[in-house]
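The structure appears right after this line, and notes come after that.
The values are calculated or read from the model by the stated rules, or taken from the named source; none is laboratory data. Every value quoted in this text rests on a predicted model; they were computed, and no experiment measured them. Note: ideal-geometry Cβ built from the backbone for every residue, glycine included; neighbour counts use all protein chains shown.
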Amino acid sequence: MMTMDYHNAVLLIETVDGLDIKPNGVYVDVTFGGGGHSREILSRLGPNGKLYAFDQDKDALANTIDDERFVLINENFRYIKRFLRFYGVKEVDGVLADFGVSSHQFDVAERGFSTRFEADLDMRMNQDSKISAYQVVNNYSEEQIKNVLLQYGELRQSPAMARVIVTERAREEIKTSEQLKKVLKPFLNHKKENKVLAQIYQAIRIEVNQEIEVLKELLLQTPEILKEGGRLSFISYHSLEDRLVKRFIRNGLFEGEPERDMFGNFEVPLRKVGKLIIPSRLEIKINNRARSAKLRIAEKI
Ligand SMILES: C[S@@+](CC[C@H](N)C(=O)[O-])C[C@H]1O[C@@H](n2cnc3c(N)ncnc32)[C@H](O)[C@@H]1O
């Protein structure tokens, strides 16, 4: 089936179970992709249920589902509240997110997400976005590049890497993945070459798509759009993301500790449901992309 080639949904049953679907409920899948999770949600909804889905990638539109209970919105989920309001929706029963890149985005060489192919530096999930990997590599200052590699790639050698990029790009602009790899060769001459390159790519991708900012914006809006008892069911793929989801569920904040009253209690908008869920060994064997998945579920208090 076409959508299976597009993307193989991770933790499909667990994530949708996490929403505790009510047949007449209103749900949002903020990362539609190949629509695996959306189809599962629809299969559990009755005739009066409703599902809104978001994907900022035009390619995902080809997977749309012909169902009158379903609406696909080709926008960034950072605008979730605004677009739900546009459709007359103020509150929902659940929000599902499966962050990161789809297999399709990864497998199409020209999108520039994969270290496997020679391609122009791109990595934009939204093809109309102004910032691509090319801009990050060629126009950012040395300091900015260092910070991107350090914060999002957790690469200790980021100052030296940024230095080399800035020196080399002064000679010749760095347009392709092959050029970038060549420039960074001094850091890739050992056994962990693939891991380091993957970290560099991850860092640039997070910057290009502002993944941390949009995740924070989404989390901050969830208490406003969820009904009491409404659920969120979010899958993260790297520790930066998972840390934000975990802390927001626990404290209603991304950093620091919440203010406590004289009894030491504090108010939070969400309550965690169950424990962290990770894929089984079998799922990882069948779908390697599942290997770093972490699912967290919470409900609105
Ligand atoms: C891992 S895939 C989701 C796969 C999907 N759950 C399925 O079953 O096929 C992530 C998708 O979310 C989209 N996406 C990522 N960040 C987004 C954002 N901020 N706004 C809208 N879509 C986003 C990507 O374009 C990609 O198609």
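Out of curiosity, is Ile297 among the β-branched types (Val, Ile, Thr) and crowded, with 18+ Cβ neighbours inside 10 Å?
Answer is yes for this residue.
Take the stretch 51-73 and flag every residue that is within 11 Å of the ligand (Cβ to nearest atom), of a type outside the set (Phe, Trp, Tyr) and closer than 17 Å to Leu232 by Cα.
Across the stretch 51-73, the qualifying residue is only Ala53.
Can you tell which of Asn76, Asn48, Asn24 is modelled with pLDDT of 95 or more and near the ligand (Cβ under 9 Å from one of its atoms)?
Only one candidate qualifies: Asn76.
Going through Leu253, Leu197 one at a time, which residue ends up being over 20 Å from Thr31 (Cβ atoms), touching a Ser or Thr at 6+ places or on another chain (Cβ under 6 Å) and not basic (Lys, Arg)?
Exactly one of Leu253, Leu197 is over 20 Å from Thr31 (Cβ atoms), touching a Ser or Thr at 6+ places or on another chain (Cβ under 6 Å) and not basic (Lys, Arg), namely Leu197.
Going through the stretch 201-219 one residue at a time, which ones are more than 16 Å from Gln135 (Cβ to Cβ) and among the aliphatic types (A, V, I, L, M)?
Ile212, Val214, Leu215, Leu218, Leu219
I'd like to know if the stretch 162-180 contains one or more residues that are within 16 Å of the ligand (Cβ to nearest atom), closer than 30 Å to Gly34 by Cβ, assigned to a helix (DSSP H, G or I) and in contact with a helix residue (DSSP H, G or I) (Cβ under 8 Å, 6 or more places away or on another chain).
No, the stretch 162-180 contains no residue that is within 16 Å of the ligand (Cβ to nearest atom), closer than 30 Å to Gly34 by Cβ, assigned to a helix (DSSP H, G or I) and in contact with a helix residue (DSSP H, G or I) (Cβ under 8 Å, 6 or more places away or on another chain).
Could you look through the stretch 194-215, keep only residues that are near the ligand (Cβ under 10 Å from one of its atoms) and among the hydrophobic types (A, V, I, L, M, F, W, C), and pick out the one that is surrounded by the fewest Cβ atoms within 10 Å (Cβ to Cβ)?
Val214
Please work out if Asn189 is part of a loop (DSSP other than H, G, I, E, B), surrounded by fewer than 18 Cβ atoms within 10 Å (Cβ to Cβ) and polar (S, T, N, Q).
yes
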